[in-house]
Amino acid sequence: MLTNQKGCQNLQILMVFLVVHDPLCFNKDEGDYKSKGCVKVKMIKDSLLFALLMIVAMFVAVLFSGGYYHMYGENFLLQLIEYPLIIAVVSILGTIRLKKWFLMPLLTFVVVNLFFLILFSTTYFEFAFAYSGFSLIISVITYFIKRVGTD
């Protein structure tokens, strides 16, 4: 019972950390962060937020597509249509927000392995590498388009 309460407290602290700006770092007049250390903290917060968004979206896809699994006996539509679509959308948003092309493929690799470990009690590295490669392609294209568009 004590560990559940402690886990809930840790989750609440994490959610507050992800959502609330640090008043010492955030410059309200310019709407930007003051130092490089604060920028790194902001990047970590945004990365964790996008990882959380990706894993929640994947779990929601599993919940809402239960009919596919029972109809065909496999989760073919999840693996080839819904997960890549979720990864593409989150990779585009993450690359635009984080301004680094390599972060979303790394997050995708970690999140997909964590997701399969939680859901199936094993990791499927072939899917993790395939989804990370897909995320890498999407992130590089997004980064290139964003960079060319701003120049």
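Tabulated results
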item: TYR33 being at pLDDT below 75, surrounded by 16 or more Cβ atoms within 10 Å (Cβ to Cβ), out of contact with any Ser or Thr (no Cβ under 8 Å at 6 or more places or on another chain) and farther than 30 Å from PHE127 by Cβ; result: yes
item: Members of segment 118-140 that are at pLDDT 85 or above and over 15 Å from LEU98 (Cβ atoms); result: PHE125, GLU126, PHE127, ALA128, PHE129, ALA130, TYR131, SER132, GLY133, PHE134, ILE137
item: Considering residues of segment 100-151 that are over 18 Å from the mean Cα position of the chain (by Cα) and of a type in the set (D, E, K, R) only, the residue surrounded by the most Cβ atoms within 10 Å (Cβ to Cβ); result: LYS146
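The values are calculated or read from the model by the stated rules, or taken from the named source; none is laboratory data. Just so it is clear, the model here is predicted, and its values are computed rather than measured. Ideal geometry is used to build each Cβ from the backbone, glycine not excepted, and the neighbour counts take in all protein chains shown.
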